[in-house]
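Colleague: I have a structure here, written as structure tokens, and I will follow up with some questions on it.
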């Protein structure tokens, strides 16, 4: 048995690619070994900024000799088929045997393959891995790059170390030949190091100031940053992603404490963190409730003068923070409210107008959510927050730090005297951004966040810019998950269909405000409300009953076909609802809720309260996963199958237990008479567990019914009565959920 070492030395590998490269190298190497009948006892991969390495232990010296038997074409087959069979196996016709297979003479070949030395296998294996390595981004270099056939690698490949035991495995790729020599640290030990084999690889590199084990470097970075912060009297802001990134940027990590001018702390701390972390890869720390004027940088050199290294990093950070302070102080001088007009110069989308148009829609929708008490918030504060929510897009600080939009606006709003509820909503209205993101809890923020996401969703659907397959350029899946998360997390009780309808109505109004709509006075019936658009005294008014929601001057424009637009947005309403239903299934599946149960509840007429849907689904899942639930489902499916075959052959009149009724029929009828009102009352009270318990009482009677009763009796009247009874049983169950959608 021998150990194998492979090192691929190159120019700097981006830190973000190193973990994937390690996994790919291990996967490809193991697969190639398996193809040749080899298997290592262990495979371990390593990476540094300049190298990707692998150590495989316990490789046999050679593969075992094997005898392989292959069945060929029958005797008398065309010569072309027989010769092709021989070529495939590398044999001649003289090597073929003829055997009887079910009375037919058939050619067979027995090929004895001798064992092959592992070293001979590894050379081509390594070359193939290098040529086909799946880097996310790669490049060609040098004179050879003129040809599209030249090697692609993440950065120019410089050396290959390939040692089986202490012997070099011959490999040559793009003019780079394998050997036993590598390079140490670029500054501490730039000369060659001769590796003896896998056994001394890590130790020899360590002597040359290279820690090849990424996990060891991560520990040094993590512990060193913590130690530096503690010794300075601060609390480190832990950041595992930054630990991994710094370990991927260094071969000999040395954490060092630096400081910056406390005057910079007047800049919002998110800006300081962004500057330190994202731009410079520094750790930050806290001094109680506020950010500390200190950081930890990770040097890639064991300097004889660490103070000089720290000073250089301090100068770089100070320059970046000076820029940030300049933008912040300038932005503070301009009232946030005054920036609204500039949003009209930013195109949101060519079919949906400007950011100013979006803000107007969001403000109207958010206010409506508050007025209707869908979100219990002050409508005036909600509208104020919505109208300020995007204004920081035209500030200098967001121009410099685009990912801090919202956060900057929140700080400006607070500094300029806006109520905390407004400032918080401006700051957090983009949230939640993903499944793991913080979900807003403050009512004003919830209203603005929900309106913003609903507007994004409905507007792009309304103009037929929906996600297709894996493409979702406007992040509508993320917006829909945000809508669902806000509604379920905050327990918002409402008809989601009605909310979608109103969001679409606001969008229609933006278009209708610029056209003559005198021929479309009533264009949508939203459940129990008729939303009416009409002209009165030169003003268009929109609302329902005596309530006016919006109004604007009467003006005309021939640029839009109103009927077509209204028709398209009506279609969008159903599509959006279905899209949200699918997103809810995906979201809940990730937390263990069955998608078929969500479909069963969504199938109910008028069930569009997401909070109630999930409560019902959870109760249904708890019930279905019991023995009683599984048996009731089996009885339901049996009843449904019978009814499908006999559809239309029974009356829907009330089933009576008169005359010559079987005991099992009477028992089921009696059980239905009790269970139906109990389930209905429980559903009315939204006690879905009690509703399931009411259904559970039908399990025994339906089982007995199928055991004792022949449904398709010869007597037509009896058959109709029994079918009607099964139909009533099916309807009783379906009032809780559409059991036909449930798998099993």
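Rule-based calculations on the coordinates, nothing more; no lab input. Source: prediction; values computed, not measured. When we count neighbours, we look across all protein chains shown, and the Cβ atoms used for this are built from the backbone with ideal geometry, even at glycine.
Colleague: Roughly how far apart, in whole Å, are the Cα centres of the stretch 115-152 and the stretch 209-260?
Modeller: 34
Colleague: If a/c stays under 1.5 just call it rounded; otherwise compare a/b with b/c (prolate if a/b is bigger, oblate if not). Do that for the stretch 335-386, with a ≥ b ≥ c from the square roots of the Cα gyration tensor eigenvalues.
Modeller: Note, shape of the stretch 335-386 comes out oblate.
Colleague: Using a/c under 1.5 as the rounded threshold, could you call the stretch 66-113 rounded, prolate or oblate? The axes a ≥ b ≥ c are square roots of the C-alpha gyration tensor eigenvalues, and prolate needs a/b larger than b/c, oblate otherwise.
Modeller: Oblate is the answer for the stretch 66-113, as a/c is 1.5 or above yet b/c matches or exceeds a/b.
Colleague: Something else: Match the structure shown to one of the listed values (1) 51.3; (2) 57.0; (3) 32.5 of mean projected area of the Cα convex hull in nm², computed from it, and give that label.
Modeller: Comparing each candidate, only (1) matches the computed number.
Colleague: Further, regarding this structure: Which value in nm describes the separation of the simple spin-label points at residue 641 and residue 158, placed 7 Å from the Cα toward the beta carbon?
Modeller: Distance between the two pseudo-spin positions: 7.1 nm.
Colleague: Between the stretch 603-622 and the stretch 372-403, what is the separation of their alpha carbon centroids in Å?
Modeller: Spelled out, the Cα-based centre of one part sits 33 Å from the other.
Colleague: May I ask you to sort 226, 207 by Cβ crowding, counting other Cβ atoms within 10 Å and putting the fewest first?
Modeller: Ascending Cβ contact count within 10 Å gives the list 207, 226.
Colleague: Quote the FRET efficiency, to the nearest 0.05, computed for residue 716 versus residue 670 with a Förster distance R0 of 35 Å and r equal to the Cβ-Cβ distance.
Modeller: Values: r = 25 Å, r/R0 = 0.70.
According to the calculation, E is roughly 0.90.
Colleague: Once R0 is set to 30 Å, what does the formula 1/(1 + (r/R0)^6) return for the Cβ-Cβ distance between residue 44 and residue 177, expressed as a FRET efficiency to the nearest 0.05?
Modeller: Numbers: r = 25 Å, r/R0 = 0.83.
Computed FRET efficiency for residue 44 and residue 177: 0.75.
Colleague: At a threshold of 8 angstrom on Cα-Cα distance, excluding pairs fewer than six apart, so keeping six or more, what relative contact order does the chain reach in percent? Numbers along the way, then the final one.
Modeller: Values: 1181 pairs, mean separation 49.9, N = 744.
With pairs under 8 Å counted, the relative contact order is 7 percent.
Colleague: Sort 118, 689 so the one with the fewest other Cβ atoms within 10 Å of its own Cβ comes first.
Modeller: Final ranking by Cβ density, sparse to dense: 689, 118.
Colleague: Just want the ordering: 360, 305, 378, from fewest to most Cβ atoms lying within 10 Å of their own Cβ.
Modeller: Exposure proxy ranking, most exposed first: 305, 378, 360.
Colleague: Would you please give the FRET efficiency between residue 498 and residue 625, computed as 1/(1 + (r/R0)^6) with r the Cβ-Cβ distance and R0 = 41 Å, to the nearest 0.05?
Modeller: Details: r = 33 Å, r/R0 = 0.81.
Efficiency computed from Cβ-Cβ geometry: 0.80.
Colleague: Along the Cα→Cβ direction, 7 angstrom out, place labels at residue 77 and residue 468. What is the inter-label distance in nm?
Modeller: The two pseudo-label positions are separated by 4.6 nm.
Colleague: Gap in Å between the Cα centre of the stretch 269-337 and the Cα centre of the stretch 691-735?
Modeller: 73
Colleague: Additional query: Can you tell me the length gained on complete extension of the stretch residue 433 to residue 240, counting 0.36 nm per residue apart and subtracting the Cα distance?
Modeller: 67.5 nm
Colleague: Quick check on the stretch 610-741: take the gyration tensor over C-alpha atoms, sort the square-rooted eigenvalues as a ≥ b ≥ c, and tell me if it's rounded (a/c under 1.5), prolate or oblate.
Modeller: prolate
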